[in-house]
Amino acid sequence: MEKKWVVTKPISLDFKKKFPEIPGLILQLLYNRDLKTQAQVDQFLQPDYGQDLLDPFLFPDMEKAVARIYQAIADKEKITIHGDYDADGVTSSVVLADVLNKLGADFNVYIPHREKEGYGINEKTIKYLTRKKTKLIITVDCATSNYDEIELAKKNKIDVIITDHHAEPVKLPKAYAIINPKVKKCKYPFYDLAGVGVAFKLACGIIAKDENNIFPPGYEKWLLDLVAVGTVADMMPLLHENRVLVKYGLIVLNKTKRLGLKLLADKANILPVTETELINSENIGFALGPRINAAGRMDHANAAYQLLMTEDYNEARELVEGLEKNNQQRQAKTEKIMSEVKKEIKDLDKQYLIFAEGKNWPLGIIGITAGKLKDEYNRPVLIITKDLKKIGGSGRSIDEFNLIEALNQVAKYFKIYGGHAGAAGCTLKSKKDLQNFKKDILKIAEKELTGKDLRPKIKIEAELNLQDLNWELFDMIEKFEPFGTDNPKPLFLVKDLTVENVRAVGSDESHLKLFLKQTGQVKGFDSIGFRMGKWVDKIKYGDKVDIVCEINLNEFNGSRNLELKLVDIKQK
């Protein structure tokens, strides 16, 4: 499918004059990330752990929460950390477990089962923890929407400290303390912390109030490997405070003391081997995160939690093998569902929303499957799974279609639903509502999307002239690491290129290798297009092309060269 190239509007001359010392291309990249003041630019290019991390006590309830935790420890009360089943929730649980363990607290960790219990705290869990004599629950990455469950806990004389990063609901729970930057009463300056970022802030608050010198100086820094993993895996914006946390977290991750993380990185073939080949944010997103998430998607997240906590080599090795198996099963199941859905896609030009339904498709899989289909077809996707007890759905959407607003229009069909513009989930009240729901949501999509350009978009940050491509420019782009959500690896448009050489490479010749020169220039550059081998039959020597690319470093046999990583090609 042909892709639409969308080039960001060039920066103004006035903005260039504000920063005369910064090259125009780099300034464009900064502007694209909404970094427009000297302070913002300095913090982004030179993040400082000591200066740029915010005080945890800027959370209004932090003092109260920390005092209650120390009280529980002093009174030998039972504490429960209530986690969540994804990588963000698991790493959040480990962060607080690490700190409470150091303090000698009487605590346990409870992580719900995705399929059987669902997201957040439920009534059965509160009753179970009451029987187990829990007196304080600390939630991580959940519970901002659990009003009734918190009321039940209070009725059973259990205090609840909520740490979370999800949006405030209509009815906010009356918890003992709420630490969540998205709650309206909270004036914490940074809005987009991950759940693990919020848990880390609570950990920092606890450490700051340590009157017995239990924590050595800088202890909290050794928690940053977990913060980096959870933040990247949850696809949080890698700007502002998250950027600081992840940048320093990657330093810790590359020399982590956690046996489970080491063995997991080794299994994923991303264990650091040289000073230049280090674990980065991309490795978290495509290797570590999916394996940790796979535990909760295919079985139970307790396995991932235990892996990050254990100090026993044999146990860690066994758990890593289990997560690897879970991840392979997840990949196979995802491909199977995708294949089944694709059979139902007949005429994409007339299909404004891809709606698919199947029996007993795992809830933990249909969301990521919807995301992959959305990326491939550039259509909103809603996947429904049916079993004997309920009908659940998960969707992913494109910029042109606000999914949660669409679901708001058909809310009468749902027992529960939620999400945001790009991703949402729902549970239907009754099986008999399914076909009417399908008919109505497809009508809404058709009305919203008719007449809109639905070609997949490639968002290009700037046009690049190859005569400006040198090591100095590359080094400045490298300062934008770690890359991720809202700080992607920059894509550049390069025009008026001549193909000087073309060949297929790789063991199965599935990759494309070109040597390209720009009109009027002597120097050319190698370029590599992964999984673009089909272009070998379309392009020949002497062809004129425009490309979209990343700037890459190619290291081979001791030599270092700059190359262009191809994303898309247009022949002229």
Residue list for the range 394-439, filter: under 23 Å from N146 (Cβ atoms) and among the polar types (S, T, N, Q): S394, N408, T427
Quick check on the range 476-493. Is at least one of its residues assigned to a helix (DSSP H, G or I), closer than 30 Å to K372 by Cβ and touching a residue at least 12 places away in the same chain (Cβ under 8 Å)? yes
Among the candidates I121, I161, single out the residue that is assigned to a loop (DSSP other than H, G, I, E, B), of a type in the set (A, V, I, L, M) and either more than 14 Å from V109 (Cα to Cα) or in the same structural domain as I81 (by TED's automatic domain parsing) (or both). I121
Looking across the range 338-376 at residues that are acidic (D, E) and either touching a Pro at 6+ places or on another chain (Cβ under 8 Å) or modelled with pLDDT of 90 or more (or both), the single one that is surrounded by the most Cβ atoms within 10 Å (Cβ to Cβ) is E357
Criterion first (basic (K, R) and out of contact with any strand residue (DSSP E or B) (no Cβ under 7 Å at 6 or more places or on another chain)) does K570 satisfy it? no
Residue that is surrounded by the fewest Cβ atoms within 10 Å (Cβ to Cβ) [pool: residues in the range 95-143 that are within 26 Å of the chain's Cα centre (by Cα) and more than 28 Å from L363 (Cβ to Cβ)]: D98
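For (1) small (G, A, S); (2) part of a strand (DSSP E or B), each residue gets a yes or a no:
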residue: D508; (1), (2): no, no
residue: L512; (1), (2): no, yes
residue: F515; (1), (2): no, yes
residue: G542; (1), (2): yes, no
Count of the range 174-191 residues which are of a type in the set (A, V, I, L, M, F, W, C) and not in a strand (DSSP E or B): 4
Sole miss for A265 among (1) more than 27 Å from Q46 (Cβ to Cβ); (2) within 16 Å of the chain's Cα centre (by Cα); (3) among the hydrophobic types (A, V, I, L, M, F, W, C) is condition (2)
Picking from K517, K523, the residue that is out of contact with any His (no Cβ under 9 Å at 6 or more places or on another chain), surrounded by fewer than 18 Cβ atoms within 10 Å (Cβ to Cβ) and at pLDDT 95 or above would be K517
From (1) closer than 27 Å to E117 by Cα; (2) buried (at least 17 other Cβ atoms within 10 Å of the Cβ), pick out the condition that doesn't hold for E461. (1)
Residue that is nearest to K76 (Cα to Cα), among those in the range 118-166 that are in contact (Cβ under 8 Å) with a residue 60 or more places away in the chain and small (G, A, S): A143
Consider K64 carefully, then state whether it is without any contact (Cβ under 8 Å) to a residue 24 or more places away in the chain and either among the β-branched types (V, I, T) or not assigned by TED's automatic domain parsing to the domain that holds G364 (or both). no
Consider only pairs whose beta carbons are under 9 Å apart and that are at least six residues apart or on different chains; among these, list those whose first residue lies in the range 420-433 and is more than 22 Å from R379 (Cα to Cα) and whose second residue is hydroxyl-bearing (S, T, Y) and part of a helix (DSSP H, G or I). L428/Y413; K429/Y413; S430/Y413; D433/Y413
Has the range 426-435 got at least one residue that is closer than 24 Å to W5 by Cα and crowded, with 17+ Cβ neighbours inside 10 Å? no
Applying the selection to the range 520-540, what residues are in a loop (DSSP other than H, G, I, E, B) and either over 23 Å from N465 (Cα atoms) or of a type in the set (K, R) (or both)? K523, R531, M532, K538, K540
Residue count, the range 248-264 (criterion: part of a loop (DSSP other than H, G, I, E, B) and not charged (D, E, K, R)): 2
Go through the range 544-567 and count every residue that is in contact with a strand residue (DSSP E or B) (Cβ under 9 Å, 6 or more places away or on another chain), surrounded by fewer than 16 Cβ atoms within 10 Å (Cβ to Cβ) and over 23 Å from E481 (Cβ atoms). 1
Condition (residue is assigned to a helix (DSSP H, G or I), assigned by TED's automatic domain parsing to the domain that holds K132, within 27 Å of the chain's Cα centre (by Cα) and on the phi > 0 side of the Ramachandran plot) applied to the range 226-236: is it met by at least one residue? no
Determine, yes or no, whether A72 is touching a Lys or Arg at 6+ places or on another chain (Cβ under 9 Å), crowded, with 21+ Cβ neighbours inside 10 Å, small (G, A, S) and in a helix (DSSP H, G or I). yes
Can you confirm whether K171 is under 29 Å from the mean Cα position of the chain (by Cα), of a type outside the set (G, A, S) and part of a loop (DSSP other than H, G, I, E, B)? yes
If you take just the strands (runs of 3 or more DSSP E) that sit entirely in the range 296-414, which of them hold at least 3 residues that are closer than 30 Å to L96 by Cβ and of a type outside the set (K, R)? none
In the range 526-543, residue surrounded by the most Cβ atoms within 10 Å (Cβ to Cβ) [restricted to those that are more than 31 Å from the chain's Cα centre (by Cα) and β-branched (V, I, T)]: V536
Would you point out the residue of the range 1-11, among those that are modelled with pLDDT of 95 or more and assigned to a loop (DSSP other than H, G, I, E, B), that is nearest to K374 (Cα to Cα)? T8
Take N242 and decide whether it is assigned by TED's automatic domain parsing to the domain that holds Y188 and either modelled with pLDDT under 95 or in a helix (DSSP H, G or I) (or both). yes
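The values are calculated or read from the model by the stated rules, or taken from the named source; none is laboratory data. Computed from a predicted structure; not experimentally measured. Note: ideal-geometry Cβ built from the backbone for every residue, glycine included; neighbour counts use all protein chains shown.
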